[in-house]
Structures are given as structure tokens and as C-alpha cells.
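Visitor: Here it is: the structure, laid out below.
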Amino acid sequence: MSKILILGATSDMSRATAEKFAQNNHDLILAARNVSRLTHFQNDLSLRFEIEVILAEFDAENKKSHPEFARKFKEVEVVLVFFGYLGSQHLAEKNWKETHRIIDVNYVGAVSIVGIFAQYFKERSQGIIIGISSIAGDRGKQSNYIYGSAKAGFSIYLQGLRNRMYPYNVHIATIKPGFTKTKMTEGSKFPSLLTAKSHTIAKAIYKAYRKKRNIVYTPTIWKLIMGIICSIPESAFKKLKM
Amino acid sequence: MPWVSNWGRYPKIKAEISTPTFKNESISLIQSKNQIINRGLGRSYGDASLGKEILSTVKLNNIIEFNKQKGSIRCEAGVSLEKILNFIVPKGWFLPVTPGTKFITVGGAIASNIHGKNHHKEGCFSDHLIDFDIILEDGQLLHCSRTENADLFEASCGGLGLTGMIVTARFYLKPIETTFIRQTTLCTKGLEEVFYVFEKNQHANYSVAWIDCLQKGKKLGKGVMLLGEHALSDQLPSKIKKPFQLHTSPKVNLPILFFDQVLNPWSVKTYNHLYYKNKKKEKKERILHYNSYFYPLDNFKNWNKFYGKKGLLQYQFVLPIANSFQGLKLILKKIEKSGLDPYLAVLKLMGSQRELMAFPMKGYTLALDFPIKKGVFKLLEELDAMVHDLGGRIYLAKDARMSAHWLLKGYPLIYEFMNIVQKYNPSMGFRSHLGERLGIFKDYQEKMILNV
């Protein structure tokens, strides 16, 4: 079974996804900042699913460390990019540091590490990269456009990469989760019917991997919702409070 | 802030819930709050794990270590018994003690010091517990066992979460040859016969009796006794090909509460009649899966919703053996006279238990499910007086309404317990709604002032 590298493995969504892959007998490399926090999780997965689980320190913001990190794990066949930083839109409007961090983690850091793995995969003519983007990147709105613009950039990057890598048998998938009940969104008010649980997202990600899907909205209803939102004329959209 | 309630859906409390994923997060959370109470899957019936500030352990749910030689397992406090079963059953192990549902956490099993159908033989969960790590109110992490911080170890078993937050625990498992139970069914005509059958079958590993509470007069206590043993591999009928089979997930999920009228004296009477008749027809000895023997109600994901909007009260008490027969007769008659029928009644013979806050004692325990309606609270208050006058006590993990008046009578070692709580948590930072209701913190401090 192919070996999976999970970048940003401490989030609820990524842990649920790690479990899903573990269930299907994949060995895992869990990478994150302060990765020792995941020791118990590592034990849990390797005990229950009898797989190999390795922990690796990884910092998306420290781009200088990325080439060496990637070299160490270049034998992996699948890379999942989960890390992200929601930050505070409110704070970012007045504070460059916050704005920069949102862009740096969600776009620059992601592009940096994905680019290196894409090169390795291209040389081998094999590999899958799954990037977790966001519906927030589909249309800019006042409540989260800084995070949204970084995710939009990431989505477009993945799209271009998918196009470039197609002849080399390297597949790129873009996952766009809707509202999800996770640690990152704690405190946000979401309509409960539209709010998914981490394991629903994990299932969709695993399916996207198996079926080599290109762009996946999860839960699927979000494809429809975003279709409607994106079709609102800008002249009307700019007046909405969203 | 959301409204939170436990399995009985009463009381409902507005609470702030925090759900840490890592040990260090739990530590800083506890340090940042003046008071907090731990909560697992919310399967205690009343308010034991409710409070204004709740620390939910459900994301601390990793299995950490499994020792095949010793048959022990170490896991985080939020791991459910279901997850443990999924892991250990295929390897030929089982839980040493289990309640009537597998949807509880290990932390809850310790804090409520749960018992099962084998209490008379194998004791409570604490009897199989090896050690645990606990976070105190100041964020300090302590390791506790029978030899290390032994007072805190003992106080935490049945300590209702007031001693600290357990992060990881290690306990022994029980080896099994198959995942099946050899069940013996005995139908009894009245209370006297139930007692006779219990005492005659003390050697049975598991024993429990279902009582039809809607029977009156001579038939009072008519019921069905279910004895159980783990089936050995050579006892399985040939049609069972695999000796180790896991349970299946819940089959029925009740999404909403529109069932107010589903359970009523008529439907329950009919059900009881059919159940008894069915059991009488059933083969006296049969082999069934552990899921059907231990967790029949787990097939209905939200069976508590059957009891309607107002919720249910489970009333579980134990009476000392000498007063059990007469006492139970008096209590059942009292309930009969009140006209408030409990819908489910489960009787069990218990052994003794040593912890400070232990519920079990040598004697009989009866658990009754009452739907909340007019008169129930008053009836249960009257029963409280009877139970305590007979030398018995109420199981606090199921309680939602007992008055502080009875606490010391039922749990005479409560002050010793509180001394230990305060030794490790000077500001008594782990506080639950139950603790406040039973006046544990207030009365304790008043007593300390008097002593000074």
C-alpha cells in the first residue's frame, strides 16, 4: 500500500483523514509543528491498524526547511496538504502581521512544499497530491476575504499544476470543504444542517484519492451552493452582508 | 452557550464546553478556569458531569498501549468502551466489567466506578484498574496507582470527576475463547422466587433480573432472570463458524422527539406481557452474542428519546442484604400505590465494594426508569427516605434530583473523600452541578470552619 504524507496532521480534519487511510492499510507520515503532541495518536493508529506511523516536524512558514524535509520523504506516493491558518479577518484588516501570516501559511507555504514534491513526482512519473483548499476561495466576501484570497490562490495553483502534471501521470486533487465542525472553526456560528463532521470530509478525501477526482466539494451540496453564490452579479453581491 | 443535558435529558444546563485534543491543551484549559467539570459521552443519567464549564474528553480518544502478556491496555480517558471492544475482541479479550451500554468513556467508567452484571464475582471497574495520570486544578500532572498517591487513586474511583481530570488510564482485560455468551433464562413468578434464584446462582459469572413492575399483589416481582457465562470454543453450535465476531453498529436512530405517547402504561404492559411470554417459550439455555446479552439497548441509538420531551429519571438504589427482601417489597408496594409506573426495572445481587465513594454493598440493587411527569419527584423523595432508613444508598451517577439531606447517610465517608479532594485541589476547582446540588462544597467548607 502506498505511503501517505500528511502535512498539518494535528487538525481534526487531518486526523480523521489519517484514520481513514490507516483503516485502508496505508503507512503514514504525520507532519506538523510540535509534532510530539501526536505521539498518542501515532500509537493508536499503529496499534489498531497494524501499520507504520512516523512523526515528522514540519513548519509551513519556514520555507527554507522545505527542500530538506521533502528530500527526506521523497519516496512517499501521496501528499496531503492540510495545514492552514484561518486567522482573524477583523485583526488582519488593521494588522499586516496577521494578514501576512494568513497569506504565508495558506498560500506561500503550501506552494513552496507542493512545488518540491511535484518535481519529485514528475521525475518518477507517479504520485498524487491532494490539497485542502476552501469554499472561501470561490468568491471574495467581507467576512473572510484575506483567508479566502490565499485559498483562492492555492486553488488556482493546484489547478495549473494539475494541468501541467497530467502528461506525467501525476494527479492533483483540490478539496473544498464547506462548513465543518472542527477546532479551527470553533466559535463560528454555522447553520447546523449545512455543517459537516470531520469524518464526512475524511471519507470524501479518501474517495477523491481512490477515484482520482479533480475538484471536490464536500459535502456535495456545497457545489450547488457555491454555484449559486458565484452566479450573483457583482453589482448586487457587493451590497450583500456576507 | 449551548444547553447540555445527560442521558436522562434532565436537568438541562447552559454550559461552556471546551474539547481539547491534547494533554497540554487540557492542562492550560484547566489552569485558565476557576472551575470545570470533566464530561465524556454524557451517558451518566443526571448532572454528575454537568456544570457551567465543561471539559469534554471525547477528542482525547487514543489507545496508547496493549500488553498481550499481561492482558492490559492503556488509553486516553475519552476512549469509548466500544472503541476498546473493536480493538480487543478480535484478539481474544473482553472488558473486565461493562455496564449496559458500550457508549461510555474510560474516564467516566472510573469516575462513576461502574459495575456490571458480574459485580458479585468480579467487582467494579476500579478492581481492574492498574494506574492513571490525572491533572489537578493547578495543572499539575500526577501518576496514581494503589501504591503511588494511593489516596487520590482510591478517591478518584467513583469520585464523580471531583478529584481532577484523568488523562490516561491502564487496566486489565479478560481473556475470552469466543465472543458469545451462554445464557440461561429463568422465569420467576414473584419476588420471593427471584431472590431464591439469585442466591442459588451466585456462582454464575453474570446475573441480572428483569422485573415486571406493572404486576400487583402476589405477582409483584414477576420477572425474568438472565444468567450468563462466556461460551467456550467447544460449546459453540456448529452453525457459528467464527468464534470471534464483533458487534454491529446501532440499527435504529431516533432523530427527533415525537414519542411522548409511545411509552405509556398500556404499551409497556403489552410489551412486558409479550417479553415474559417470549422468554418463557425461549429455550432455557442458548448461545448469543455479547452485544445482545450486554447491550440490547445499544441497537437504538437514542432510546432515551422514547421517554418523551421531559426526559427520564433513573432511580437506582442498593439495600443491605439483611433488609433487601422486606425493603424491596415495601418499596415496590409504595410505587404501586403511587400509580406511577416505572417502565423498566432491573434487579441485581451485588457484592461488597471498598472505595470511599463506592455505591455497591452486599445486597440487592434495583434500577427503575421513570418518565418525568407529575408526582414522580415527590414519589422519589419518599423513596429516598425509605431507602436510607433501610441502610441503603442511591447511585449518584444516575441521580439528578436527590436532596443534600441524604448524602451523608448514604455515603458516610464523604468527608474523608472531600479531605482528599481538597488536599490535591485546595480551591476545589473541579465542580459539577451534582456537587453543588448535594451541597458537597458548601457543607464541606462549613464543616471545616466549625472545626477551626
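The values are calculated or read from the model by the stated rules, or taken from the named source; none is laboratory data. Note that the coordinates shown come from a computational prediction; the quantities given were computed from them, not determined experimentally. Here Cβ is always computed from backbone atoms with ideal geometry, including for glycine, and neighbour counts include all displayed protein chains. Surface areas here come from the heavy atoms of the whole protein model, side chains and all, with no ligands, DNA or RNA. Shrake-Rupley method; radii C 1.70, N 1.55, O 1.52, S 1.80 Å.
Visitor: Please specify each residue of segment B:312-360 satisfying the condition of being of a type in the set (Lys, Arg) and part of a strand (DSSP E or B).
Guide: If we filter segment B:312-360 for residues that are of a type in the set (Lys, Arg), which is where we start, we get B:329, B:333-334, B:337, B:348, B:354.
Correct list: B:Lys348 only.
Visitor: Separate question: In segment B:58-67, which residue that is open to solvent by 10 Å² or more (accessible area, probe 1.4 Å) and among the β-branched types (Val, Ile, Thr) is farthest from the other protein chains (Cβ to nearest Cβ)?
Guide: Looking at residues that are open to solvent by 10 Å² or more (accessible area, probe 1.4 Å) and among the β-branched types (Val, Ile, Thr), I get B:Val58.
Visitor: Please determine, by comparing only the residues of segment B:138-178 that are aliphatic (A, V, I, L, M), assigned to a helix (DSSP H, G or I) and open to solvent by less than 10 Å² (accessible area, probe 1.4 Å), which one is farthest from B:Gln31 (Cα to Cα).
Guide: Within segment B:138-178, the match that is farthest from B:Gln31 (Cα to Cα) is B:Ala155.
Visitor: Answer yes or no: is there a residue in segment B:94-103 that is part of a strand (DSSP E or B) and either among the β-branched types (Val, Ile, Thr) or within 14 Å of another protein chain (Cβ to nearest Cβ) (or both).
Guide: No, every residue in segment B:94-103 fails to be part of a strand (DSSP E or B) and either among the β-branched types (Val, Ile, Thr) or within 14 Å of another protein chain (Cβ to nearest Cβ) (or both).
Visitor: Also, quick follow-up: Just to be sure, is B:Tyr411 of a type in the set (Ser, Thr, Tyr) and touching a residue at least 60 places away in the same chain (Cβ under 8 Å)?
Guide: no
Visitor: Would you please name the residue that is surrounded by the most Cβ atoms within 10 Å (Cβ to Cβ), looking only at residues in segment A:2-45 that are of a type in the set (Gly, Ala, Ser) and facing chain B (nearest Cβ under 10 Å)?
Guide: A:Ser11
Visitor: It is to be established whether one or more residues within segment B:107-129 are more than 20 Å from the chain's Cα centre (by Cα), surrounded by 19 or more Cβ atoms within 10 Å (Cβ to Cβ) and in contact (Cβ under 8 Å) with a residue 60 or more places away in the chain.
Guide: So far as segment B:107-129 goes, no, none of its residues is more than 20 Å from the chain's Cα centre (by Cα), surrounded by 19 or more Cβ atoms within 10 Å (Cβ to Cβ) and in contact (Cβ under 8 Å) with a residue 60 or more places away in the chain.
Visitor: Suppose the filter is in contact (Cβ under 8 Å) with a residue 12 or more places away in the chain, more than 14 Å from chain B (Cβ to nearest Cβ) and over 26 Å from A:Asn169 (Cβ atoms); does A:Gln89 pass it?
Guide: Yes, satisfied.
Visitor: If A:Gly87 satisfies all but one of (1) touching a Leu at 6+ places or on another chain (Cβ under 8 Å); (2) outside any helix (DSSP H, G or I), what's the number of the condition it fails?
Guide: (1) is the only condition that A:Gly87 fails.
Visitor: Within segment A:153-170, count every residue that is open to solvent by 30 Å² or more (accessible area, probe 1.4 Å) and not basic (Lys, Arg).
Guide: Residues meeting the conditions: 9.
Visitor: Looking only at residues that are over 25 Å from B:Leu55 (Cα atoms) and among the hydrophobic types (A, V, I, L, M, F, W, C) in segment B:405-446, which one is surrounded by the most Cβ atoms within 10 Å (Cβ to Cβ)?
Guide: Taking the candidates together, the pick is B:Leu407.
Visitor: With respect to the numbered conditions (1) at pLDDT below 95; (2) within 12 Å of another protein chain (Cβ to nearest Cβ); (3) within 21 Å of B:Ile110 (Cα to Cα), which one is the sole condition not fulfilled by B:Pro2?
Guide: The failed condition is (3).
Visitor: Given B:Lys91, B:Lys83, B:Lys70, B:Lys52, which one is open to solvent by 10 Å² or more (accessible area, probe 1.4 Å) and within 9 Å of chain A (Cβ to nearest Cβ)?
Guide: B:Lys83
Visitor: While we're on this one: Being surrounded by 17 or more Cβ atoms within 10 Å (Cβ to Cβ), touching a residue at least 12 places away in the same chain (Cβ under 8 Å) and more than 21 Å from the chain's Cα centre (by Cα) narrows it down to one of B:Ile331, B:Ile394, so name that one.
Guide: Numbers: B:Ile394 fails: more than 21 Å from the chain's Cα centre (by Cα).
That would be B:Ile331, the only listed residue that is surrounded by 17 or more Cβ atoms within 10 Å (Cβ to Cβ), touching a residue at least 12 places away in the same chain (Cβ under 8 Å) and more than 21 Å from the chain's Cα centre (by Cα).
Visitor: Can you name the residue in segment B:370-391 that is aliphatic (A, V, I, L, M) and in a loop (DSSP other than H, G, I, E, B) and, of all such residues, is nearest to the chain's Cα centre (by Cα)?
Guide: B:Ile372
Visitor: Out of the residues in segment B:342-362 meeting the condition of being among the charged types (D, E, K, R) and open to solvent by less than 20 Å² (accessible area, probe 1.4 Å), tell me which one is nearest to B:His128 (Cα to Cα).
Guide: Among them, the one singled out is B:Glu355.
Visitor: Mind telling me which of the residues B:Asn34, B:Asn38 ends up being open to solvent by 10 Å² or more (accessible area, probe 1.4 Å), more than 14 Å from chain A (Cβ to nearest Cβ) and over 24 Å from the mean Cα position of the chain (by Cα)?
Guide: Details: B:Asn38 fails: over 24 Å from the mean Cα position of the chain (by Cα).
The conditions single out B:Asn34.
Visitor: Please identify the pairs in which a residue from segment A:139-150 that is closer than 12 Å to A:Gly87 by Cβ has its Cβ atom under 8 Å from the Cβ atom of a residue that is among the aromatic types (Phe, Trp, Tyr) and part of a helix (DSSP H, G or I), counting only partners at least 6 apart or on another chain.
Guide: Cβ pairs passing all conditions: A:Ala150/A:Tyr107.
Visitor: What's the number of the only condition in (1) closer than 21 Å to B:Gly116 by Cα; (2) in a helix (DSSP H, G or I) that B:Lys280 fails to meet?
Guide: Of the numbered conditions (1) closer than 21 Å to B:Gly116 by Cα; (2) in a helix (DSSP H, G or I), the odd one out for B:Lys280 is (1).
Visitor: Looking at B:Lys23, is it within 14 Å of chain A (Cβ to nearest Cβ), open to solvent by 30 Å² or more (accessible area, probe 1.4 Å), closer than 19 Å to B:Leu129 by Cα and out of contact with any Asp or Glu (no Cβ under 6 Å at 6 or more places or on another chain)?
Guide: no
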